[in-house]
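Taking it in order: structure first as structure tokens, then the write-up.
The values are calculated or read from the model by the stated rules, or taken from the named source; none is laboratory data. Given the structure is predicted, the values throughout are model-derived calculations rather than measurements. For neighbour counting, all protein chains shown are included, and Cβ atoms are generated from backbone atoms with ideal geometry for every residue, glycine included.
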Amino acid sequence: MLTFAALVDRARALADGGHRAVLGIAGAPGAGKSTLAEALLAALAPAPPPGLPAPGWVAHVPMDGFHLADRELDRLGLRDRKGAPDTFDPLGYAALLRRLRDDTDDVVYAPGFARDLEQPLAGAIGVPRVARLILTEGNYLLLDDPRWRQARTMCDEIWFVELPDDERLRRLIARHVRFGKAEPDAVAWATGTDERNAALIAATRDRADLVVPAAVMLRLADGAELTRPWHSRRRVGR
């Protein structure tokens, strides 16, 4: 059975040649994309491939920074569909990934996303030249749509994460409440707009290079994997 340790090793191997690699993580809202990216970042950061310096060799650049701002969504009449494919700037996202892959700049600044404001933040994430592995996660990396295909081609691999729907919805509703929605509104959004997007994303599963099992995601979300010294285990015998 695929384990988190095996995922760490596979991600590290993408940068073994010293070139800059991009690992994409796709999945439905609430499936744990950010959880996996952050867990991989924590496990990989102190344990680079041989010959690479530890500080800064792996970076995390989420797709969420390419949400359109609410002001633009209002202008387009898309505010009630926030989170759908047409409420992002996929070509801007692909352009950022292309710039990262070109590997010619001392630092590349990427936008972040403030969940408490539900708004993108320009220039929030600095990616130094030393970064050899870029972790990026987003709902629509595997979507077969002309505006999204360019982002797909910028990734060396894309993994798909999934959770049982009841658990995914429970966590998604809790997240909406944590960031300011009243519980009835959180339930309505998670089972309405989010669920329509989830169905679209689920149909892209078979395009992934790897599917991360729900068992791994459940252990990560519960913190069970994060207490293990992956970097110490990996360095033994080097």
> Looking only at segment 46-89, which residues are crowded, with 16+ Cβ neighbours inside 10 Å and under 20 Å from residue 103 (Cα atoms)?
Replying inline: 48, 49, 52, 56, 57, 58, 59, 60, 61, 62, 63
> Do any residues in segment 128-154 that are without any contact (Cβ under 8 Å) to a residue 60 or more places away in the chain have Cβ atoms under 6 Å from those of residues that are surrounded by fewer than 23 Cβ atoms within 10 Å (Cβ to Cβ), where the two are at least six apart or on different chains, and which pairs are they?
Replying inline: 129/106
>> For the structure I just gave you, tell me whether residue 170 is at pLDDT below 95 and either under 18 Å from the mean Cα position of the chain (by Cα) or surrounded by 15 or more Cβ atoms within 10 Å (Cβ to Cβ) (or both).
In response: no
> Consider residue 122 against the criteria (1) within 20 Å of residue 18 (Cα to Cα); (2) of a type outside the set (Phe, Trp, Tyr); (3) out of contact with any helix residue (DSSP H, G or I) (no Cβ under 6 Å at 6 or more places or on another chain): it satisfies all of them except one. Which criterion is unmet?
Replying inline: (1)
> Inside segment 6-33, can you point out the residues that are of a type in the set (A, V, I, L, M, F, W, C) and within 30 Å of residue 195 (Cβ to Cβ)?
Replying inline: 7, 11, 22, 23, 25, 26, 28, 31
>> Cβ-Cβ under 9 Å, sequence separation 6+ or interchain: first residue in segment 76-87 and free of Cβ contacts under 8 Å to residues at least 24 places away in the same chain and closer than 20 Å to residue 117 by Cα, partner of a type in the set (Gly, Ala, Ser) and buried (at least 16 other Cβ atoms within 10 Å of the Cβ). Which pairs?
In response: 78/84
> So which residues in segment 36-45 are buried (at least 22 other Cβ atoms within 10 Å of the Cβ), farther than 10 Å from residue 212 by Cβ and not small (Gly, Ala, Ser)?
Replying inline: 40, 44
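Does residue 129 meet the test of being over 13 Å from residue 25 (Cβ atoms), at pLDDT below 95 and touching a strand residue (DSSP E or B) at 6+ places or on another chain (Cβ under 8 Å)?
yes
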